[in-house]
1. Report yes if LYS216 is among the charged types (D, E, K, R) and without any contact (Cβ under 8 Å) to a residue 12 or more places away in the chain, otherwise no.
2. Among the listed residues SER303, SER256, identify the single one that is more than 24 Å from PRO91 (Cβ to Cβ) and at pLDDT below 95.
3. Among the residues of the stretch 133-149, which ones are acidic (Asp, Glu) and open to solvent by 10 Å² or more (accessible area, probe 1.4 Å)?
4. When the residues of the stretch 12-29 are narrowed to those that are closer than 22 Å to LYS44 by Cβ and assigned to a loop (DSSP other than H, G, I, E, B), which ends up modelled with the lowest pLDDT?
5. Out of everything in the stretch 37-85 that is part of a loop (DSSP other than H, G, I, E, B) and within 26 Å of LYS115 (Cβ to Cβ), what residue ends up being nearest to the chain's Cα centre (by Cα)?
6. Mind checking which pairs have a first residue in the stretch 74-101 that is modelled with pLDDT under 90 and a second that is of a type in the set (Asp, Glu) and open to solvent by 10 Å² or more (accessible area, probe 1.4 Å), Cβ under 6 Å, 6 or more apart or different chains?
7. Out of the stretch 49-61, which residues are open to solvent by less than 10 Å² (accessible area, probe 1.4 Å) and closer than 15 Å to GLY106 by Cα?
8. If SER139 satisfies all but one of (1) modelled with pLDDT under 95; (2) of a type in the set (Gly, Ala, Ser); (3) in a strand (DSSP E or B), what's the number of the condition it fails?
Amino acid sequence: MEEMDEEEPPGKTPFFRAANLERALHLRRLFIKFEGAGLTGTQKDRISKLHVMKAKEKGFDTVSLATCGNYGASMSFFASMYGMKSVVAVPGYYAGERNNEIRTNGARILELEGKYEDLVEYMRDLSNDESWYDSSPGSINSELDIEGYENIAYEIVSQLGRAPSYVSVPLGNGTTLAGIYSGFVKLQHKGAIRKIPRFIGSSTPNGNPIVATWKKKHRKLLELNPDTITETKASEPLVAYRSYDGQKALNAIYRSNGLATYVTDEEMYRYSRIIEQAEMLSVLPASASSLAAVDRLINRKDSTGDVVVVLTGRAKVWTTQ
């Protein structure tokens, strides 16, 4: 067994062997890292708290961001918890299920025209003009995102006792996968693990540049045509024409000898139901894409090592009320 550095943090989200899913899908040694156990139900809680604490430390009174839901709910929650204001931009066309939650958390919502990426750029300029702390992807503060998600790697090794053979992660902006990979790299450099896991990235065929680039065997991230992007309720968390940490995620897949694949909406819904029936976890369909990818890419082909599926969000969420 590989030794963990005593300074590494203990596990913060549940990690368990998914024996029922193993039987249902004929997999061996399948483990779930359940990020939906965070206070607002997604992995975003890991970075939201870090950003709010950093903003407070630097003397800001307002944190700002662009979102289609989950990140805004998480950021507004932690801003309220730490006595800060929050301004959240959402696409005007997006009747987000979490908008009421964001408002309940005390945030000011800006409903703006344009796609998500347009809002990120708009909020970057507005935050600079208004002296707000910009926590959107690709901002000057975004390196904190990688640091926050590195902790998932530390926890997996602490909870499993070794590095797994595979880690499967859903892809939107690519930040979560890039951060987890960075954590494993740091563990390897410390001598805490011998080998970095192979990374599997899952996303939607409706439009994601990371998977599109990998499938074309390119090394430099492609930017997709916004006019070709379609968004559905299931695929929304994964859709992007410009993934802000996509190059980092793409590099991680290549450097780990990993894989990437598209998962349809129908498959996302089907695997979310399988997870609920087998393990009693209610997860977002987009989150379930990580399991669908594992079942497609390594089931009955190479299932002898430990496989960790990162489930990034639960389907039912709580509010501060």
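The values are calculated or read from the model by the stated rules, or taken from the named source; none is laboratory data. Source: prediction; values computed, not measured. Cβ sites come from the backbone with ideal geometry, for glycine too, and all protein chains shown count toward neighbours. To get the accessible areas, we keep the full protein, side chains included, count just its heavy atoms, and leave off ligands, DNA and RNA. Shrake-Rupley method; radii C 1.70, N 1.55, O 1.52, S 1.80 Å.
1. So LYS216 fits the description; yes.
2. So the residue among SER303, SER256 that is more than 24 Å from PRO91 (Cβ to Cβ) and at pLDDT below 95 is SER303.
3. Correct list: ASP134, GLU143, GLU147.
4. LYS12
5. Applying the filter and picking the extreme gives GLN43.
6. Qualifying pairs under 6 Å: GLY92/GLU111; GLY92/GLU113.
7. Matches in the stretch 49-61: VAL52 only.
8. Just one mismatch for SER139, condition (3).
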